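The values are calculated or read from the model by the stated rules, or taken from the named source; none is laboratory data. Because the structure is predicted, anything quoted here is derived from the model rather than measured. Because the Cβ atoms are built from the backbone with ideal geometry, glycine has one as well, and the counts that use them run over all protein chains shown.
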Amino acid sequence: MLAPYPTYFNSPAFNNMHNPLFDAYIYFDTQETIHGFLFPFLLSALVMFAYRKSWTWEVTTALIAAMAVAWTTAYMGHTGLHTFPIEVFFLAVLAWRKKGEPFPLMLGYAFAFYTALSSDVIHGVLHPADGMWQTWYWGIGGAGFHDGLFMAPIFGLFAVLLTRFGKWLAIVLEGINDRAHALQVVSSGDSDV
């Protein structure tokens with residue numbers, strides 16, 4: 001639940017209360033929105049800046065596709081917005097297909113955050129908190145550590161990490177299989193001589 005307006009907002013100076021610029025204090029006023037929105041947003045912005053060379057057109061296309069699928073799978077329940085973590089599958093494909101250097105782990109965090117944020121914003125616009133379009137941003141990140149904006153990027157990290165492990169394991173097992181096959185050929189060749 002959102003924090004009540006402080007009493008100093010009863011002043012006539014604050015007549016425009018449904019303006020996002022005036023209501024920006026909401027994201028700095030409660031711990032839930034600081035944990036659920038502000039920290040992941042700042043971390044994702046820093047990651048995007050740090051890994052801007054790794055952000056290719058392929059990643060942009062995958063992000064747009066993940067956002068489109070996430071918008072269609074999200075629904076509003078009695079406890080809030082529920083989304084399917086579709087970004088995990090897109091990140092797994094990106095991490096598996098990446099040639100040369102591995103897909104950056106933290107880029108998976110930003111990818112998943114922006115996918116979840118797009119669903120939150122779209123459904124905030126379609127289903128505003130109090131029925132007024134001007135309050136579409138209320139509730140974005142409002143569940144704190146339980147919010148999808150906090151949890152989805154962690155799923156994104158695990159998706160990239162597990163895909164890296166799976167790719168490494170596939171390479172190791174392929175090498176073991178090749179050596180076993182080579183030993184089998186050598187041993188069958190010795191028995192014929």
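Within the stretch 56-72, which residues are under 15 Å from L107 (Cα atoms) and small (G, A, S)? Across the stretch 56-72, the qualifying residues are A62, A66. Within the stretch 68-94, the residues that satisfy the criterion of being more than 25 Å from G166 (Cβ to Cβ) and in a helix (DSSP H, G or I) are A68, W71, T72.
Out of all the residues in the stretch 46-67, which are in a helix (DSSP H, G or I) and among the hydroxyl-bearing types (S, T, Y)? Break it down stepwise before answering.
If we filter the stretch 46-67 for residues that are in a helix (DSSP H, G or I), which is where we start, we get 46-50, 57-67.
Residues satisfying the conditions are T60, T61.
The conditions of being surrounded by fewer than 20 Cβ atoms within 10 Å (Cβ to Cβ), at pLDDT 80 or above and under 21 Å from Y75 (Cα atoms) are met by F155. Using the structure shown, decide if L43 is surrounded by fewer than 16 Cβ atoms within 10 Å (Cβ to Cβ), assigned to a helix (DSSP H, G or I) and touching a residue at least 40 places away in the same chain (Cβ under 8 Å). Spelling it out, L43 is indeed surrounded by fewer than 16 Cβ atoms within 10 Å (Cβ to Cβ), assigned to a helix (DSSP H, G or I) and touching a residue at least 40 places away in the same chain (Cβ under 8 Å).
Here H127 fits the description: touching a strand residue (DSSP E or B) at 6+ places or on another chain (Cβ under 8 Å) and either at pLDDT below 85 or charged (D, E, K, R) (or both). Residues in the stretch 30-40 that are buried (at least 18 other Cβ atoms within 10 Å of the Cβ) and among the aromatic types (F, W, Y): F37 alone.
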